[in-house]
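Chemist: Below is one structure. I have some questions about it.
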Amino acid sequence: MTTAPAQSSPQAAMRLRELVFGAACAAAVRAAARLGVADALGDTPTTVTDLAAALDTEPRQLRRLLRALTCYGIFAETGGHRFEHTEMSRLLREDAPNSLRYISLWCTEPWTWEAWPKLDEAVRSGRNVFPELFGKEFFDYLHTDGGDSAKVFDKAMTTSSRQSAQDFADYLDLTGIDSVVDIGGGQGHVLASLLEKHPALHGTLLDLPKVVAGADSRLQDGGAFSARARMVPGDCRVDIPVRADLYIIKNILEWDDESTRRTLANVVKAARPGARVVVVENLVDNSPSMRFTTAMDLLLMLNVGGAKHSEESMVRLMEEAGLTVTEVCPVNPYLHAFEATVRG
């Protein structure tokens, strides 16, 4: 005997309808960011007519866009067809201290709208679908055929890195640490933040040659921290030719597990027994930002075949490599730090 399905509540049906139209919300945020609505809106409520004139848009269509965004707390309508900022809409301003403008653009770039419908294929096959869609791997496409996407990516990653670098520098206790290496550290925002906060600290930035060449000016010759900073071009999956008291690996262990194992093994090979290792990652569990991190996890599945970690999977890979994980601590709502030492 089969049981008749339970009657769904109106609230559940309404919520699901809203979710399946999630693309409309993402598209509306992207449109507002590209049009510069948040930048044009000042500190006082402004009419749609005045905003449209400043943005060179159609007033009626702009009001429809803003009305949709207010449903999500992005902008607010005050009456008389006037709109004002909310806490979230201010984050779309390019000059906001913690601006999310370029992150909003990056997560809604044109290629994403072609990749998302292939999610079922990625789940079924276990492969990233990007090469089948675009004829080449993701980063090859990004830097050859992606147009402005590469610039948006660089700005989004730079903004995100600067914001999290300060949080991480505030989190990290460097008692007893004289030297640090930031592995795959990009432009070196984390390293620069640490050198600024700790005047006696020496640091090394290790990343691919073209990345290191564009490092934070404070780390380069003639920069404020150049006397205490060293740049080493290289691939951490191949070799880590640096010995230090502390090894930092932040937001790069999202490849396949084998690449992660090689990187961690290279750390253990390079370090002395007892050296400290801190891995910083977004987690898909035990995190207040799980909706964001699980979404990133699915996007990684599509574009590069990578994955975000759970606490369990990250600890397992680190322990297998020869590290002893001592604790896992939140850095901010999006990041967790895995504190470890190299086993003797």
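Chemist: Inside the stretch 61-95, can you point out the residues that are surrounded by 15 or more Cβ atoms within 10 Å (Cβ to Cβ), of a type outside the set (D, E, K, R) and assigned to a loop (DSSP other than H, G, I, E, B)?
Modeler: Of everything in the stretch 61-95, those that are surrounded by 15 or more Cβ atoms within 10 Å (Cβ to Cβ), of a type outside the set (D, E, K, R) and assigned to a loop (DSSP other than H, G, I, E, B) turn out to be Ile74, Phe75, His81, His85, Thr86, Leu91, Leu92.
Chemist: Consider the stretch 189-216. How many of its residues are open to solvent by 60 Å² or more (accessible area, probe 1.4 Å) and under 22 Å from the mean Cα position of the chain (by Cα)? If you could, list the steps in order and put the result at the bottom.
Modeler: Initial filter on the stretch 189-216 (open to solvent by 60 Å² or more (accessible area, probe 1.4 Å)): 196-197, 199-200, 202, 208-210, 213.
Then drop every residue that is not under 22 Å from the mean Cα position of the chain (by Cα), which leaves 208-210, 213.
Residues meeting the conditions: 4.
Chemist: Is there a residue being in contact (Cβ under 8 Å) with a residue 40 or more places away in the chain, open to solvent by 40 Å² or more (accessible area, probe 1.4 Å) and more than 30 Å from Ala295 (Cα to Cα) anywhere in the stretch 44-60?
Modeler: Taking the stretch 44-60 as the starting set, the residues that turn out to be in contact (Cβ under 8 Å) with a residue 40 or more places away in the chain are 44.
Adding the requirement that they be open to solvent by 40 Å² or more (accessible area, probe 1.4 Å) leaves 44.
Right, trim to more than 30 Å from Ala295 (Cα to Cα) and you get 44.
Taking every residue of the stretch 44-60 in turn, at least one turns out to be in contact (Cβ under 8 Å) with a residue 40 or more places away in the chain, open to solvent by 40 Å² or more (accessible area, probe 1.4 Å) and more than 30 Å from Ala295 (Cα to Cα).
Chemist: For the list (1) outside any strand (DSSP E or B); (2) among the small types (Gly, Ala, Ser); (3) at pLDDT 95 or above, I need the number of the one condition that Gly203 fails.
Modeler: Unmet condition: (1).
Chemist: So, one more: Residues in the stretch 61-70 that are more than 20 Å from Leu105 (Cα to Cα) and touching a helix residue (DSSP H, G or I) at 6+ places or on another chain (Cβ under 8 Å): how many?
Modeler: Adding up the residues that qualify gives 1.
Chemist: Which residues, counting only those in the stretch 223-250, are part of a loop (DSSP other than H, G, I, E, B) and either open to solvent by 40 Å² or more (accessible area, probe 1.4 Å) or free of Cβ contacts under 8 Å to residues at least 12 places away in the same chain (or both)? Lay out the reasoning, then the answer.
Modeler: So in the stretch 223-250, the residues part of a loop (DSSP other than H, G, I, E, B) come out as 223-225, 234-245.
Within the stretch 223-250, Gly223, Ala224, Asp235, Arg237, Val238, Asp239, Pro241, Arg243 qualify.
Chemist: Now for a separate question. Identify, by number, the condition in (1) free of Cβ contacts under 8 Å to residues at least 40 places away in the same chain; (2) open to solvent by 50 Å² or more (accessible area, probe 1.4 Å); (3) touching a helix residue (DSSP H, G or I) at 6+ places or on another chain (Cβ under 6 Å); (4) not charged (D, E, K, R) that Asn98 doesn't meet.
Modeler: (1)
Chemist: Within the stretch 125-154, track down each residue that is surrounded by 18 or more Cβ atoms within 10 Å (Cβ to Cβ), within 21 Å of the chain's Cα centre (by Cα) and assigned to a helix (DSSP H, G or I).
Modeler: Phe130, Phe138, Tyr141, Leu142, Ser149, Val152, Phe153
Chemist: Now, a different point. Taking the stretch 264-305 on its own, how many of its residues are modelled with pLDDT of 95 or more and small (Gly, Ala, Ser)?
Modeler: Number of matching residues: 6.
Chemist: For residues that are of a type in the set (Gly, Ala, Ser) and touching a strand residue (DSSP E or B) at 6+ places or on another chain (Cβ under 8 Å), tally how many sit in the stretch 194-212.
Modeler: Taking the stretch 194-212 as the starting set, the residues that turn out to be of a type in the set (Gly, Ala, Ser) are 200, 203.
From the residues that got through so far, the ones that are touching a strand residue (DSSP E or B) at 6+ places or on another chain (Cβ under 8 Å) too are 203.
Residues meeting the conditions: 1.
Chemist: If you go through the stretch 36-52 one residue at a time, do you hit one that is at pLDDT 95 or above, closer than 23 Å to Trp113 by Cβ and part of a helix (DSSP H, G or I)?
Modeler: yes
Chemist: Let me ask something else about it. Are there helices (runs of 4 or more DSSP H) fully within the stretch 251-344 with at least 3 residues that are of a type outside the set (A, V, I, L, M, F, W, C) and surrounded by 15 or more Cβ atoms within 10 Å (Cβ to Cβ)? List them.
Modeler: Numbers: elements: 257-270, 290-303, 311-321.
Once the helices (runs of 4 or more DSSP H) in the stretch 251-344 are filtered for at least 3 residues that are of a type outside the set (A, V, I, L, M, F, W, C) and surrounded by 15 or more Cβ atoms within 10 Å (Cβ to Cβ), what remains is 257-270, 290-303.
Chemist: Starting from the stretch 111-132, keep only residues that are farther than 19 Å from Arg30 by Cα, then list their pairs with residues that are part of a helix (DSSP H, G or I) and among the basic types (Lys, Arg) whose Cβ atoms are within a distance under 7 Å, requiring at least 6 positions of separation or different chains.
Modeler: Hits for this filter: Val129/Lys118.
Chemist: What are the pairs with Cβ atoms under 6 angstrom where one residue, in the stretch 309-327, is on the phi < 0 side of the Ramachandran plot and the other, located anywhere, is outside any helix (DSSP H, G or I) and open to solvent by 60 Å² or more (accessible area, probe 1.4 Å)? Sequence gap at least six, or different chains.
Modeler: Short answer, once both residue conditions are applied: Glu311/Asn286; Thr324/Arg343.
Chemist: Also: Which pairs have Cβ atoms under 7 Å, sit 6 or more apart or on different chains, and link a residue in the stretch 10-33 that is closer than 14 Å to Ile74 by Cβ to one that is basic (Lys, Arg)?
Modeler: Ala33/Arg101
Chemist: For the condition touching a Pro at 6+ places or on another chain (Cβ under 9 Å), modelled with pLDDT of 95 or more and under 20 Å from Ser193 (Cα atoms), what is the one hit in Val232, Val211?
Modeler: On the way: Val211 fails: modelled with pLDDT of 95 or more.
Going through Val232, Val211 in turn, just one is touching a Pro at 6+ places or on another chain (Cβ under 9 Å), modelled with pLDDT of 95 or more and under 20 Å from Ser193 (Cα atoms): Val232.
Chemist: Would you check which residues across the stretch 320-344 are acidic (Asp, Glu) and over 20 Å from Ala244 (Cα atoms) and list them? Give the derivation first.
Modeler: First, pick out the residues of the stretch 320-344 that are acidic (Asp, Glu): 320, 327, 339.
Of everything in the stretch 320-344, those that are acidic (Asp, Glu) and over 20 Å from Ala244 (Cα atoms) turn out to be Glu320, Glu327.
The values are calculated or read from the model by the stated rules, or taken from the named source; none is laboratory data. A quick note: this is a predicted structure, and the numbers were derived from the prediction, not measured. In this analysis, Cβ positions are derived from the backbone assuming ideal geometry, glycine residues included, and neighbour counts consider all displayed protein chains. Please note that ligands, DNA and RNA were not included when accessible areas were found on the heavy atoms of the full protein model with its side chains. Shrake-Rupley method; radii C 1.70, N 1.55, O 1.52, S 1.80 Å.
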